[in-house]
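As structure tokens, the structure follows; a few thoughts come after it.
The values are calculated or read from the model by the stated rules, or taken from the named source; none is laboratory data. Nothing here was measured: the structure is a model prediction, and the numbers come from that model. Virtual Cβ from ideal backbone geometry, glycine too; neighbours counted across all protein chains shown. Ligands, DNA and RNA are excluded from the accessible area calculation, which covers all protein heavy atoms including side chains. Shrake-Rupley method; radii C 1.70, N 1.55, O 1.52, S 1.80 Å.
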Amino acid sequence: QPEYAGPGYTGRDIFYGLPQNGYSSNPAGIHKYADGGQLGLTAGDDIDAVVVIDLDGNPRDFDPLADAIIYSLTGNSTSLSLPDFADGAIGKSGGDIFQVGGGLITPSRFAEAMDFGLDPMNDDDLDALDFAIPSILDEYHAVVPEPGAIILALVGLALLPRRRRGN
């Protein structure tokens, strides 16, 4: 968006905002988390959907040895037509998901458009991602149950038949 088009900021980069700056509602408070070059992207690329898994405790800087980024590109991104992008994957599209980080320095294809029922021939693509990889997260964080699960468990306990002691 034009109000966020600062010098050196492109659609291939990933940004973050801070709470004291209103997160992303204040263009002056936007900072670069990862440069597109760190993601293996070219100047003609545009990220369409992204998940950042920041595991190194520094949410202001991408470390490809610890952090992981999973992303999808717009269908007209230059890298999709490059034969060596994503380990030479064939038939790349805007519906594919790529990954970098977690020890991977160069991007690889994480999932294909067809895995989601998308048709790359009809320019189907992803506009948002919302998922996590439990095996990665479980290594670094304790599992906390959803609030709804806790409430359900408490209601279940309350409804259990109570035994009375016989006289």
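Out of the residues in segment 15-54 that are of a type in the set (A, V, I, L, M, F, W, C), part of a strand (DSSP E or B) and modelled with pLDDT under 85, which is surrounded by the fewest Cβ atoms within 10 Å (Cβ to Cβ)? Among residues in segment 15-54 that are of a type in the set (A, V, I, L, M, F, W, C), part of a strand (DSSP E or B) and modelled with pLDDT under 85, the one surrounded by the fewest Cβ atoms within 10 Å (Cβ to Cβ) is 15. What pairs can you find where one residue is in segment 61-88 and within 23 Å of residue 32 (Cα to Cα), the other is among the acidic types (Asp, Glu) and loosely packed, with under 15 Cβ neighbours inside 10 Å, and their Cβ atoms are less than 6 Å apart, with a gap of 6+ or different chains? If the second residue must be among the acidic types (Asp, Glu) and loosely packed, with under 15 Cβ neighbours inside 10 Å, the pairs left are 63/56; 66/56; 67/56. Of the residues making up segment 64-93, those that are over 18 Å from residue 10 (Cα atoms), of a type outside the set (A, V, I, L, M, F, W, C) and in contact with a Leu (Cβ under 9 Å, 6 or more places away or on another chain) number 4. Evaluated against (1) of a type outside the set (Asp, Glu); (2) open to solvent by 90 Å² or more (accessible area, probe 1.4 Å); (3) in a loop (DSSP other than H, G, I, E, B); (4) at pLDDT below 75, residue 152 falls short on exactly one condition, (3). Take the residues in segment 71-84 that are among the hydroxyl-bearing types (Ser, Thr, Tyr) and part of a loop (DSSP other than H, G, I, E, B); name whichever of them is surrounded by the most Cβ atoms within 10 Å (Cβ to Cβ). That would be 77. In segment 85-130, the residue that is most open to solvent (accessible area, probe 1.4 Å) out of those that are at pLDDT below 85, closer than 13 Å to residue 50 by Cα and not acidic (Asp, Glu) is 128.
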